[in-house]
Amino acid sequence: MIDDQDTGRALPGHGVPAERVLREIRGLREADRPTHGGRLFAYVYDPAVPGLDDLAAAAHAGSAHVNGLDPTAFPSLLAMENALVGAAARLLGGGPGTTAPDVVGSVTSGGTESLILAVKAARDARPEIGEPRIAVPVTAHAAFAKAAHYLRVALDPVPVDPDTLRPSAADVAAAIRPDTVLVACSAPSYAHGVVDPVAGIAEVAAAAGVRCHVDACFGGWTLPWLRRLGVPVPPFDFAVDGVTSISVDLHKYAYAPKGVSVLLHRDPALRAPQYFAYADWPGYTMVNPVIASTRSGGPIAAAYATLRHLGEDGYLRLAGATRDAVAGLADAVRGVDGLRLMAEPESTVVCFTSVDPGLDLFVLVDELTARGWHTQPQLTYGELPASVHLTVTASVAPRVAEFGPDLADAVAAARAAGPVELPAELTALAATLTPDALTPDLVAGLAAGLGLGGTPSGGPASGPGAFAPDATVNALLDAAPPALRERLLVEFVGLLQRPTY
Ligand SMILES: Cc1ncc(COP(=O)(O)O)c(C=O)c1O
């Protein structure tokens, strides 16, 4: 017997038939941004290869219950993990016949975990340092800040040139202190898609005896193919002396389902402090190469199936389609008065800003959304203006011709609508409020003032998408200093994350 009142409950009184459960999930998914179709420029990586999703899903299902906790119990997982690490190492200048023949690595759950572990390995390799530090360009991914926070390592931000959006090796050298355990750089950065001067940065790190991590989570799986296609890609991998570790996410441009990244180290000694082993308890002796202990084999098997099915020729073809899509989208941006590319595209990102005070980028983002294009707004940061980010994947290629006219149309509509005008009291509040002064009541008031749904003191949020940050919310966040933005976001998302009973 099905009790209809149970709809939406994770634990209904009576079990629900499989078909209905799947139908319900499909129903929930309808509120999501479209993961396929080449109109979502963040969060998802879609190659639009027929049959690939089914293959990955079948591989995932076949290994979902396998546990990576003990590689000796499940050699299938160890074999696939070693094959994935080998593929990544070979692609990134390591392995037999290269200058980095001893590269080793681990499969992690994502870029953030890879970066946390790179920082942990660097920290734990220098136990004599009481207050370890890392030097990281401000354009590097926020996961470095998270790693520093979790691991109690101090973060020394390295400025970037506001024109090139890159740090200089000299500024990195200046940021290195006696207690620095790691220097990081991006290949490329997520926000703007530019490749840092890895060779120079690795050189100053090596000269100081400090590890150098290249965060190639985003682009490590595309830059090598782009290079083979003739795109000028600067040296960024293990071919560069002084690069000690590299991260590359397979759930990004290797087009594997979510939950899989690879962290590589130049040799086993560099990797050793990444591990955690514990034998001082009465249960099983534990050795974890990564943060998680129990790990599903699903993502690893799905990634293995994806790589084997696409092969080098497949990735080369997909990189070519992506490169062409990037060129087409960049042309579309160049063709609109009032917009300026933040950087000439050199990887798979198109990022632009507004040079017309009457053209509010956050309003433009909403106008694009209304036309079915889901882009990612980026807030003002120091000297860097607010911008719109497009992560471009192969699935965008067939859509490019539709983008230009819609962009022009959306720009005209955004100009006609004019910039967001926040209520004066909100702007004043954003400029003067300190994060500590944010009480739950104030947040509730702000949420209500911004027209956000949800009930702050319990009960379900008012529905999917109720908190989707529109131009008004982005304008408010943009007016606030970073520390206040962080607190506001924590509070707003806290309002969303309420149990449904
Ligand atoms: C350069 C870079 N590093 C790290 C990450 C974090 O990856 P994840 O979201 O898989 O944790 C990202 C995500 O976009 C990224 O672009």
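Among residues of the range 328-339 that are under 13 Å from Ala397 (Cα atoms), those with a Cβ under 9 angstrom from a residue that is of a type in the set (Asp, Glu) and assigned to a loop (DSSP other than H, G, I, E, B), sequence gap 6+ or separate chain, pair up as Ala330/Glu344.
Take the residues in the range 11-52 that are of a type in the set (A, V, I, L, M), touching a residue at least 12 places away in the same chain (Cβ under 8 Å) and not in a helix (DSSP H, G or I); name whichever of them is surrounded by the fewest Cβ atoms within 10 Å (Cβ to Cβ). For the range 11-52, the residue satisfying everything is Ala31.
In the set Ala147, Ala140, Ala135, which member is out of contact with any Gly (no Cβ under 8 Å at 6 or more places or on another chain), under 24 Å from Arg227 (Cβ atoms) and crowded, with 21+ Cβ neighbours inside 10 Å?
Values: Ala147 fails: under 24 Å from Arg227 (Cβ atoms); Ala135 fails: under 24 Å from Arg227 (Cβ atoms).
On inspection, the qualifying residue turns out to be Ala140.
Of the residues making up the range 446-482, just one is modelled with pLDDT under 90, part of a helix (DSSP H, G or I) and exposed (fewer than 14 other Cβ atoms within 10 Å of the Cβ), namely Ala448. Where helices (runs of 4 or more DSSP H) fall entirely within the range 166-265, those with at least 1 residues that are within 16 Å of the ligand (Cβ to nearest atom) are at 198-207, 223-228.
Results for (1) small (Gly, Ala, Ser); (2) more than 26 Å from Ser168 (Cα to Cα); (3) in contact (Cβ under 8 Å) with a residue 60 or more places away in the chain; (4) within 16 Å of the ligand (Cβ to nearest atom), shown as yes or no for each residue.
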residue	(1), (2), (3), (4)
Leu77	no, yes, yes, no
Leu84	no, yes, yes, yes
Gly95	yes, yes, no, no
Pro101	no, yes, no, no
Glu113	no, yes, yes, yes
Pro132	no, no, no, no
Thr139	no, no, no, yes
Phe144	no, no, yes, yes
Ala147	yes, no, no, yes
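In the range 267-378, counting only strands (runs of 3 or more DSSP E) that sit wholly within it, the ones holding 3 or more residues that are within 22 Å of the chain's Cα centre (by Cα) and modelled with pLDDT of 95 or more span 349-354, 376-378.
Every listed requirement among (1) among the small types (Gly, Ala, Ser); (2) surrounded by fewer than 16 Cβ atoms within 10 Å (Cβ to Cβ); (3) in contact with a His (Cβ under 6 Å, 6 or more places away or on another chain) is met by Ala174 save one, (3). Output the residues belonging to the range 73-90 that are in contact with a Gly (Cβ under 6 Å, 6 or more places away or on another chain) and either β-branched (Val, Ile, Thr) or closer than 16 Å to Pro101 by Cβ (or both). If the condition is that a residue be in contact with a Gly (Cβ under 6 Å, 6 or more places away or on another chain) and either β-branched (Val, Ile, Thr) or closer than 16 Å to Pro101 by Cβ (or both), then Val85, Ala89 are the ones that fit.
The values are calculated or read from the model by the stated rules, or taken from the named source; none is laboratory data. Everything numeric in this text was worked out from a predicted model, so none of it was measured. Cβ coordinates were reconstructed from backbone atoms using ideal geometry, including for glycine residues, and neighbour counts include every protein chain displayed.
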